[in-house]
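The values are calculated or read from the model by the stated rules, or taken from the named source; none is laboratory data. From a predicted model like this one, the values you see are computed outputs, not experimental measurements. Here the Cβ is made from the backbone with ideal geometry for all residues, glycine too, and neighbour counts use every protein chain on show. SASA here: full protein model, heavy atoms, side chains in, ligands and nucleic acids out. Shrake-Rupley method; radii C 1.70, N 1.55, O 1.52, S 1.80 Å.
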Amino acid sequence: MTRVHTGVDSPIGRLTLVGEDGALVGLYLEQHRRRPAAEWFGADVSAGFQDAAVQLGEYFAGCRTGFDLRLCPQGTPFEQQVWQAVARIPYGSTRSYGELARELGDPRLAQAVGAANARNPLCIVIPCHRVVGADGSLTGYAGGLERKRFLLNLEQPSPDLAGRLF
């Protein structure tokens, strides 16, 4: 298992993409809370991340609403369940921690859902920015609330196009 990484520019700063055995295992923002130590990323390479870079570019250009990448996030079984639930949140939508906890079968797990969401190693691709407080407020985001706000705004249709069929 050889882990490698590369950097990709984006409107929210440089992104670090981490791959292992052909799968994306990490996507980190600059000043990302819980960012692994540099040696965890492996060698800095320029090849092997073309699909991810293209799809991220399309997402930021407003031309992509989901990702078609081989992912292999590493976490506990509960974290994996939470990340799968987060991955099902539709583009342009949000869910609260409590809603995700209920979806997982136990509304008392809202705080545990929040902790697992905070450890998501594939931000943007597993859209943890779509998880908000019970009242719809923006709550913690490993990349900072300004980036979370940017991503949520990116996923909203412009007012002049909202509701149009053609």
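Taken over the stretch 119-166, the residue count meeting the criterion of being outside any helix (DSSP H, G or I) and either modelled with pLDDT of 95 or more or on the phi < 0 side of the Ramachandran plot (or both) is 32. In the stretch 40-96, which residues are without any contact (Cβ under 8 Å) to a residue 40 or more places away in the chain, part of a loop (DSSP other than H, G, I, E, B), open to solvent by 70 Å² or more (accessible area, probe 1.4 Å) and of a type in the set (K, R)? Within the stretch 40-96, just R88 meets the criteria. Taking the conditions (1) closer than 14 Å to C123 by Cα; (2) part of a strand (DSSP E or B); (3) out of contact with any helix residue (DSSP H, G or I) (no Cβ under 7 Å at 6 or more places or on another chain) in turn, V4 satisfies each one other than (1).
Checking each residue in the stretch 21-39 for being out of contact with any Pro (no Cβ under 8 Å at 6 or more places or on another chain), open to solvent by less than 20 Å² (accessible area, probe 1.4 Å) and either without any contact (Cβ under 8 Å) to a residue 60 or more places away in the chain or within 15 Å of G143 (Cβ to Cβ) (or both) picks out A23, L29, H32.
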